[in-house]
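First up is the structure itself, then whatever we jot down about it.
Every number here is computed from the coordinates shown, using simple stated rules; none is lab data. Remember, it's a predicted structure, so these values are computed and weren't measured experimentally. As a convention, Cβ positions derive from the backbone with ideal geometry for all residues, glycine included, and neighbour counts pool all protein chains shown.
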């Protein structure tokens, strides 16, 4: 009974001051909280802390802090919404507007910007040049896709082919042609990844394009979200420092979804009107996508979901499984 009482007192204090603990990113503030809270000071002084209760406290604090890491400290989605289109123009928005958005994000010093738009066709020359210039000022990941009906695909630069990975997988998504970013955009990109999926319960690590193994968009993002050298890919497993994920046919890894589609994100208008604090973007992987009525939806284990939300859920799940940093609700809070 005594041990249960100890844990209960700790829990009440931590619950009340959890934001302060997370903000300080560690246990160093615990002593200050315990001793400065007069309502609990006498109770704590009368309790002799055991090794078991201290262990439980540390586990609780670690899990509490980790619950915020997956979204708040790694990823930050910014989507163009229906209301944004009233200001920016109908989707797909002009590239001069995309350049504005990318440049605004770049000002906040993100770790990188992952652009969930296909940029394989030329538009107006001025807008293309402005967008390429915006890409040159920050680190960007651009997406590709397989499409064998594309008669004149742009070149896929060899520098983006995977290295130091096991890549001999059967049944990869494959094709001889596709939507590859314009050369002027690829030249400014940090990485290119293929965004095809065949089953919304799995995400591929690799695809095959024109006879060569290429990275998926998920793998490109994963490389940015964890420290270099902290995971390895073998024939049957994606192995991190804390966990091992099974790889099945087609280099696929199983993902999980939240109980409901509750992804939270910032809007492009919030960004352009300075309503997003720099702390929400600095050193984050910013996912720039679309969430308006024109985007298609796919069937998932929790119902139909818009495509760019599916990408976020898949990426969050992959990252969390690999790092063992969990966020039960898969949400991004402002």
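Here is how the numbers come out for the structure above:
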quantity	calculated
Stretchable slack from residue 227 to residue 302, in nm (0.36 nm times residue separation minus alpha-carbon distance)	23.8 nm
The stretch 64-179: relative contact order in percent, alpha carbon pairs under 8 Å with at least 6 residues between	25 percent
Fewest-first sequence of 103, 76, 186 by Cβ atoms within 10 Å of each Cβ	103, 186, 76
Anisotropy class of the stretch 157-244 from Cα gyration tensor, a/c 1.5 cut	oblate
Spin-label pair residue 210/residue 234, simplified geometry with 7 Å Cα→Cβ offset, distance in nm	3.4 nm
Global geometry of the stretch 131-179, whether rounded, prolate or oblate, following the gyration tensor of its Cα atoms and the 1.5 cut on a/c	oblate
Nitroxide proxy distance, nm - points 7 Å out along Cα→Cβ at residue 164 and residue 152	3.9 nm
Sites residue 241 and residue 272 - FRET efficiency at Förster radius 45 Å, r taken between beta-carbons, to 0.05	0.70
Cβ-based exposure ranking for 319, 296, in which fewest neighbours within 10 Å come first	296, 319
Dimensionless Rg/Rh of the stretch 197-334 - Kirkwood Rh, Rg from C-alpha atoms	0.97
Kirkwood hydrodynamic radius of the stretch 257-303, from inverse mean 1/r over distinct Cα pairs, in Å	13.1 Å
Fraction of alpha-carbon pairs over 20 Å apart in the stretch 99-173 - percent	47 percent
Global form of the stretch 112-151, assessed from the alpha-carbon gyration tensor, a/c cut-off 1.5	oblate
